[in-house]
């Protein structure tokens, strides 16, 4: 939804589920006409979005320093890496202005991304309608929609935070009917509140049909005095979603929380998939959670009181601040920054935007450049963005993520995909294979223009370009002598022509070994980090 003011010439028009401006349509009308004979809708959309700026620019500014450029670092953490040309754009804006813009995503025109990613029907439907689809169709559309938004959205910080909260409030779509309901959860819980308020996020998640199925909340009832409440969601609410495993809650608190949550159900016939509260299945007695009394007779309001108690607990502020700092700064504890973000959480009652701004402008963030290992999802999206790839995330691409162990929405336990390096070190060979397949155009339905990219990075080289000139675009700094030597050694061992890749011996932009050289850069230790 566009919220910025528009002139009469720029009024939004609806094309399917996509809103684009009249000016954009007029600008691309001639192109649409000439492209009408293309063999597929995807080719047509690619041509249109290219005209809207989704392509390799004529010139790409890169870092000229030996240390990682601060703006490149910002785009590597608060976004999925820079799209070609982003580095120069953000430098002109300034770091603070870019952060402020990203913290207000509704004001950013994302029409090109919606044209590409808004084509999947099931992700926009309520659970009652999605039951009409095959599970395989829903899974494919949900994963492709997510991946395409990460690659192409201009609302990059929002997309990164969507991934963060998806892990924090993990739901495995392979359990029961979760797959029919996760699209609604993604749209109305995660994306709606990704940069909003934490209390609202947790309340929305608590009564999300997908979460009620995943953690058995829809089975939690007290119809008879002898009924024992189902504690699954109550435990994870305290242990994972709010206070944290060492947050100071007890087993008694879990039991009392479960009592507060009794009576929430999901229609299984008419209005299938819709959540409702059945007061006859609710524990009507008084409860005591984390030392706070919830009076008897509260009914469905017991949920609101429970969420307020859990979200307002000091341990919740520290737990969420710690997770955010770990994701955006470092695996190692950053006590000063954690304390500062925790205090912001307390002062604002969980407002996510000021916490994010504090982290991204902190000295700890600035000093952490190049210290985190990319998880497989971030790695693949960063590869695609750095090359300005043209893709619609078909299964051949998605399978690389699955092989690396990070297929979206498919982590089996409630704690979400791990946020440290060690579990992902075993994926490095698959990353190497992906990088070389991608740059050599061997990933089906993914197109990259290596030659155009190389010329944009070094436009003055009519006949030659080297690893030293290419690498700053991908890692945000100049290549080291040891990195150049490593490329040289690999090529010398693997090609009979003994091609040398150093500052003096170069390739032409059209050389057949250029894709391999860029694939090696994408496989390098420096590119694995952010």
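The values are calculated or read from the model by the stated rules, or taken from the named source; none is laboratory data. Please read these numbers as outputs of a predicted model, since none were measured by experiment. We place every Cβ from the backbone using ideal geometry, glycine too, and count neighbours over all the protein chains shown.
Among the residues making up segment 401-416, those that are in a helix (DSSP H, G or I) and under 17 Å from the mean Cα position of the chain (by Cα) are 401, 402. Contact annotation: residue pairs with Cβ atoms under 7 Å, 6 or more positions apart or on different chains, pairing a residue in segment 124-141 that is under 25 Å from residue 402 (Cβ atoms) with a partner that is at pLDDT below 95 and surrounded by fewer than 16 Cβ atoms within 10 Å (Cβ to Cβ), are 124/17. So for segment 308-319 (the condition being under 20 Å from residue 200 (Cβ atoms), under 21 Å from the mean Cα position of the chain (by Cα), surrounded by 22 or more Cβ atoms within 10 Å (Cβ to Cβ) and not assigned by TED's automatic domain parsing to the domain that holds residue 130), does at least one residue qualify? Scanning segment 308-319, I find at least one residue that is under 20 Å from residue 200 (Cβ atoms), under 21 Å from the mean Cα position of the chain (by Cα), surrounded by 22 or more Cβ atoms within 10 Å (Cβ to Cβ) and not assigned by TED's automatic domain parsing to the domain that holds residue 130, so the answer is yes. Scoring residue 421 on the criteria (1) out of contact with any strand residue (DSSP E or B) (no Cβ under 6 Å at 6 or more places or on another chain); (2) surrounded by fewer than 17 Cβ atoms within 10 Å (Cβ to Cβ) leaves a single failure, condition (1). Scanning segment 381-400 for residues that are assigned to a helix (DSSP H, G or I) and touching a residue at least 60 places away in the same chain (Cβ under 8 Å) yields 381, 382, 383, 384, 385, 386, 395, 397, 398. Of all residues in segment 110-133, one or more are modelled with pLDDT of 95 or more, part of a loop (DSSP other than H, G, I, E, B) and within 26 Å of residue 60 (Cβ to Cβ). Residue count for segment 433-454 under the criterion of being assigned to a helix (DSSP H, G or I) and in contact with a strand residue (DSSP E or B) (Cβ under 8 Å, 6 or more places away or on another chain): the result is 2. If residue 195 satisfies every condition in (1) assigned to a loop (DSSP other than H, G, I, E, B); (2) farther than 29 Å from residue 102 by Cβ but one, which is the exception? All conditions pass for residue 195, except number (2). Could you tell me whether any residue of segment 47-61 is under 23 Å from residue 195 (Cα atoms), in contact (Cβ under 8 Å) with a residue 40 or more places away in the chain and not assigned by TED's automatic domain parsing to the domain that holds residue 460? No.
Of the residues 185, 200, 227, the single one that is assigned to a helix (DSSP H, G or I), more than 23 Å from residue 408 (Cβ to Cβ) and out of contact with any strand residue (DSSP E or B) (no Cβ under 8 Å at 6 or more places or on another chain) is 200.
For segment 348-363, filtering for residues that are buried (at least 18 other Cβ atoms within 10 Å of the Cβ) and within 19 Å of residue 68 (Cβ to Cβ) leaves 3.
Selection of segment 97-108 for residues being surrounded by 17 or more Cβ atoms within 10 Å (Cβ to Cβ) and assigned to a loop (DSSP other than H, G, I, E, B) yields 103, 108. For segment 332-347, the set of residues classified as in contact with a strand residue (DSSP E or B) (Cβ under 9 Å, 6 or more places away or on another chain), in contact (Cβ under 8 Å) with a residue 24 or more places away in the chain and surrounded by fewer than 22 Cβ atoms within 10 Å (Cβ to Cβ) is empty. Within segment 484-516, if we keep just the residues that are surrounded by 19 or more Cβ atoms within 10 Å (Cβ to Cβ) and within 25 Å of residue 424 (Cβ to Cβ), the residue that is modelled with the highest pLDDT turns out to be 516.
If a residue must be touching a residue at least 24 places away in the same chain (Cβ under 8 Å) and assigned to a helix (DSSP H, G or I), how many such residues does segment 420-432 contain? Write out each step before concluding.
Start the filter on segment 420-432 by keeping residues that are touching a residue at least 24 places away in the same chain (Cβ under 8 Å), which leaves 420-421, 424-425, 427-428, 430-432.
Applying the additional criterion that residues be assigned to a helix (DSSP H, G or I) yields 424-425, 427-428, 430-432.
Qualifying residue count, segment 420-432: 7.
When residue 256 is tested against (1) in contact (Cβ under 8 Å) with a residue 40 or more places away in the chain; (2) part of a helix (DSSP H, G or I), only condition (1) is not met.
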